[in-house]
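Okay, structure first, notes after.
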Ligand code: HEC
């Protein structure tokens, strides 16, 4: 009887301690009771058969085999693949372990990886499939399966898919569903209403290869997807503008899995039921003035926007660099001098780029300046450097080129305010990164085209006027992408901003 009572008390104590997430004193955590709940919560959405992770972490043996490696990656924040630094923006769907969970993992490894009692293993979370936001208004499937060879370089394929819309729409959510999660690494959903992408596509596959960007100037986008991202509706009354006649240009990044695979991904689109009050746009931060010397391990670029012409509210952020990008940090400097961190990625990995949505929208009053700082490692010590030996790297679309780009997705108080955001330097890039801006009348479009030369010159001054004399010299323009340099010189001369 006493013995029973004693073991009951012990059981209660254990349950109590377990509910606290604490292992009993002096007893290392066990896999079944303490570690499995952590892996099931933070890892198995990717690390289970058929998902993007290279191995399963469902069973004790799976985990034990890699215990040290798991502990190392988790303690250095390399897994789960969540890049933004804590305290620099608070985002939806953050994938992050608590310090206590990390501590439990390392105690388990240091304690000799005990298995524990099978009856403590929690239930494996069900695989999520199907449309998470209910039946979409429109489902788009890649017209044909696409073949991914067993090995070789990653593939960036753009599938041009007509949407056949006969009226303009407001997109309030998109649910991208990879057809083959073992090979689909991420996807970006660009738009085109000028038929540019159609002309690039191989008629046989309805697609073409293009690294980085989609290889033409998109007329908007409806979102991006990376493993771990969950679909969500934009705030009430807010939508992305989707012009009738647009094609979807779905850029999918494939990573060969070791076996020949095929993929036929699909996406569900949700339209606004009544005319949206706000259309989203974006403020772009960009520096094309990159000349990264071969061997330079810490090349730094800084850029900032002109002061925001109107009040804006930031909903999300989308930083972009290529392989030798190492760090990117974006802050907002408010007119009262206060600084708000928008994002900081200290360990940039091209393979884990994403669009991040703020948990709570961030108010950016008129006059706010957005600032970006990025660093690049073009040395041989950087294992991600695609050039060996390193070579001088400038702005461009190839794997061996670089970019320095960030879109801050915003809404404004009125549609006229959004038009002012769209007229900021780099406005076109903003539309691509953040949505589609607001619809405009043909007169407004004509007026806007007239002012393009002026804005292009403003943009050039912002990006390339290194000595700040208000003029651009030939030397400064050496950093400008060569394919468009003649046009830039022409505009600068017409506006009297060319130095020599
Ligand atoms: C969102 C998907 C995702 C989640 C969540 C995730 N992983 Fe991974 N993991 C991957 C992918 C994909 C790879 C392959 C390498 C890469 O692409 O970075 C990987 C690689 C690894 C590797 C091997 C790394 C290497 O260099 O070979 C380990 C170990 C690992 N993950 C452990 C974990 C652990 C532990 C967790 C949970 C704490 C976790 N992962 C959560 C997707 C994920």
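The values are calculated or read from the model by the stated rules, or taken from the named source; none is laboratory data. Keep in mind the model is a prediction, meaning the values are calculated, not measured. Glycine also receives a Cβ, built like all others from the backbone with ideal geometry; neighbour counts cover every protein chain displayed.
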TODO: Check the stretch 351-374 and report whether any residue there is within 16 Å of the ligand (Cβ to nearest atom), surrounded by fewer than 15 Cβ atoms within 10 Å (Cβ to Cβ), within 26 Å of residue 227 (Cβ to Cβ) and at pLDDT below 95.
DONE: yes
TODO: Answer with yes or no whether residue 285 is outside any loop (DSSP other than H, G, I, E, B), in the same structural domain as residue 320 (by TED's automatic domain parsing) and surrounded by 15 or more Cβ atoms within 10 Å (Cβ to Cβ).
DONE: yes
Task: The lone exception for residue 469 - which of (1) closer than 21 Å to residue 280 by Cα; (2) part of a loop (DSSP other than H, G, I, E, B) it fails - done: (1)
Task: Failed criterion for residue 113 (all others in (1) exposed (fewer than 12 other Cβ atoms within 10 Å of the Cβ); (2) at positive phi hold) - done: (1)
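Among the candidates 477, 492, single out the residue that is under 14 Å from residue 287 (Cα atoms) and surrounded by 13 or more Cβ atoms within 10 Å (Cβ to Cβ). Even if it seems obvious, please write down each step before you answer.
On the way: 492 fails: under 14 Å from residue 287 (Cα atoms).
None of the others qualify; the one that does is 477.
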TODO: Please work out which one of (1) in a helix (DSSP H, G or I); (2) in contact with a helix residue (DSSP H, G or I) (Cβ under 6 Å, 6 or more places away or on another chain); (3) over 29 Å from residue 348 (Cβ atoms) is the condition residue 438 fails and give its number.
DONE: (1)
Open item on the list: If a residue counts only when it is near the ligand (Cβ under 10 Å from one of its atoms), within 24 Å of the chain's Cα centre (by Cα) and not assigned by TED's automatic domain parsing to the domain that holds residue 325, which helices (runs of 4 or more DSSP H) contained entirely in the stretch 41-146 have at least 2 such residues?
Closed with: 67-75
- [ ] Looking for whichever is surrounded by fewer than 19 Cβ atoms within 10 Å (Cβ to Cβ) and in a strand (DSSP E or B) here; the options are 205, 262. Which one fits?
- [x] 262
Task: Total residues in the stretch 208-223, condition closer than 21 Å to residue 165 by Cα and either within 16 Å of the ligand (Cβ to nearest atom) or touching a helix residue (DSSP H, G or I) at 6+ places or on another chain (Cβ under 9 Å) (or both) - done: 5
Task: Residues that are part of a strand (DSSP E or B) and either within 16 Å of the ligand (Cβ to nearest atom) or not assigned by TED's automatic domain parsing to the domain that holds residue 215 (or both), drawn from the stretch 228-259 - done: 252, 253, 254
TODO: Would you mind telling me which numbered condition in (1) over 22 Å from residue 81 (Cα atoms); (2) surrounded by fewer than 19 Cβ atoms within 10 Å (Cβ to Cβ); (3) modelled with pLDDT of 95 or more residue 30 fails?
DONE: (2)
- [ ] Kindly list, by first and then second residue, each pair from a residue in the stretch 77-89 that is under 20 Å from residue 57 (Cβ atoms) to a residue that is within 16 Å of the ligand (Cβ to nearest atom) and outside any loop (DSSP other than H, G, I, E, B), limited to pairs with Cβ atoms under 6 Å and residues at least 6 apart or on different chains.
- [x] 79/73; 80/42; 81/352
